[in-house]
1. With (1) in a helix (DSSP H, G or I); (2) closer than 19 Å to ILE220 by Cβ as the list, and GLU156 as the residue in question, which single condition is left unmet?
2. Condition check: at pLDDT below 95 and at negative phi. Does ASP84 satisfy that?
3. Scanning region 1-27 for residues that are assigned to a helix (DSSP H, G or I) and surrounded by fewer than 15 Cβ atoms within 10 Å (Cβ to Cβ), which turns out nearest to the chain's Cα centre (by Cα)?
4. Being without any contact (Cβ under 8 Å) to a residue 60 or more places away in the chain, charged (D, E, K, R) and part of a loop (DSSP other than H, G, I, E, B) is the filter here, so list the residues in region 96-151 that pass it.
5. When you go through THR139, THR114, THR163 one by one, which is the residue that is of a type in the set (Ser, Thr, Tyr), modelled with pLDDT of 95 or more and under 17 Å from the mean Cα position of the chain (by Cα)?
6. Kindly indicate whether ALA168 is of a type outside the set (D, E, K, R), closer than 23 Å to ALA83 by Cβ and more than 17 Å from the chain's Cα centre (by Cα).
Amino acid sequence: MIVILVHGFWLRGSSWGPALPALRAAGHDVRVVERPDAVPGSPAAALAMDDVVADAVAEIDAVTGPVVLVGHSGGGNVVAGAADARPDRVARLVYVDTMPPASGARVNPDLPVTDGVVPIPNWSFFREDGWDRDLRDLTPVHLDALRTDAQREPVEVAHGELTLRDDAARRALPTTIIASTFTGAELTGWLADGMPWLAETGLLTDLDVVDLPTGHWPQITRPDELAAILVQVVGDASRPEGGPIETRP
């Protein structure tokens, strides 16, 4: 199976860590969609969401056969856009600690802008509104490394709207959510309560949730477990009959 990975904000392709060799050892062809550092005034700083979606679509078009698209955090909007453009090529969509977006969704319009780009915010940003799960399990060493290695993001990728056109085909795609800052049980409850920000998730017709409890960056805090889950999920997508995804504590 061809696996296309899209990293979240401020990260690099190498952030997938053990998932890359683990997927390759399982026989999969792994591609990583890289976003360049949005240096102020550079061409990368002028990129919009449509541009990064087009990069992911180009990865699909460069290969033959079905693909699994994996997006972490803000990369979820990118893989959703790519799947919307090429639904007939997608065997499964995987969202790592993020939710499937609807058309018009923005990654986070509240992310602060500095010098015309979006740098990684102060850690206090991730604790606003009493939510303290994003930084769970991140040690001071993790936090220092994350900030040191962080790229800047283009404003229009962070704040710009995602355009989706083929709702029926996209919503029918097999989809897995790897839940780290929430649980599958919480998601079920939120859906039952009709939370408006989950409207798109509630319209999916083939959804599995895998629990991987930790902070928002499981590739940093639980890299081996994330790698194992991705190997399982991609393996299930590779079988014509599919199969249930185990929910892990």
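1. Result: GLU156 fails condition (2) only.
2. Numbers: at pLDDT below 95: no; at negative phi: yes.
Here the answer is no, as ASP84 does not meet what is asked.
3. Of region 1-27, the ones assigned to a helix (DSSP H, G or I) are 13-16, 19-25.
After this cut, where a residue has to be surrounded by fewer than 15 Cβ atoms within 10 Å (Cβ to Cβ) as well, the list is 13-14, 21, 24-25.
Details: GLY13: 12, SER14: 15, PRO21: 19, ARG24: 19, ALA25: 22 Å.
It comes out as GLY13.
4. Scanning region 96-151 gives ARG106, ASP110, ASP132.
5. On the way: THR139 fails: under 17 Å from the mean Cα position of the chain (by Cα); THR114 fails: under 17 Å from the mean Cα position of the chain (by Cα).
Selected residue: THR163, the only one of THR139, THR114, THR163 that is of a type in the set (Ser, Thr, Tyr), modelled with pLDDT of 95 or more and under 17 Å from the mean Cα position of the chain (by Cα).
6. Values: of a type outside the set (D, E, K, R): yes; closer than 23 Å to ALA83 by Cβ: yes; more than 17 Å from the chain's Cα centre (by Cα): yes.
Criteria met by ALA168.
Residues are listed down the side, and each one gets a yes or a no for (1) of a type outside the set (Lys, Arg); (2) touching a Phe, Trp or Tyr at 6+ places or on another chain (Cβ under 8 Å); (3) within 23 Å of ALA227 (Cβ to Cβ):
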residue	(1), (2), (3)
ALA48	yes, no, no
ALA54	yes, no, no
SER73	yes, yes, yes
GLY76	yes, yes, yes
GLY81	yes, no, no
ASP84	yes, no, no
ARG92	no, no, yes
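For every residue, the table says whether it meets (1) under 21 Å from ALA168 (Cα atoms); (2) surrounded by fewer than 22 Cβ atoms within 10 Å (Cβ to Cβ).
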| residue | (1), (2) |
| --- | --- |
| ARG92 | yes, no |
| ALA105 | yes, yes |
| ASN108 | no, yes |
| PRO112 | no, yes |
| VAL118 | no, no |
| PHE125 | no, yes |
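The values are calculated or read from the model by the stated rules, or taken from the named source; none is laboratory data. Bear in mind the structure is a predicted one, so any value in this text is a computation, not a measurement. For neighbour counting, all protein chains shown are included, and Cβ atoms are generated from backbone atoms with ideal geometry for every residue, glycine included.
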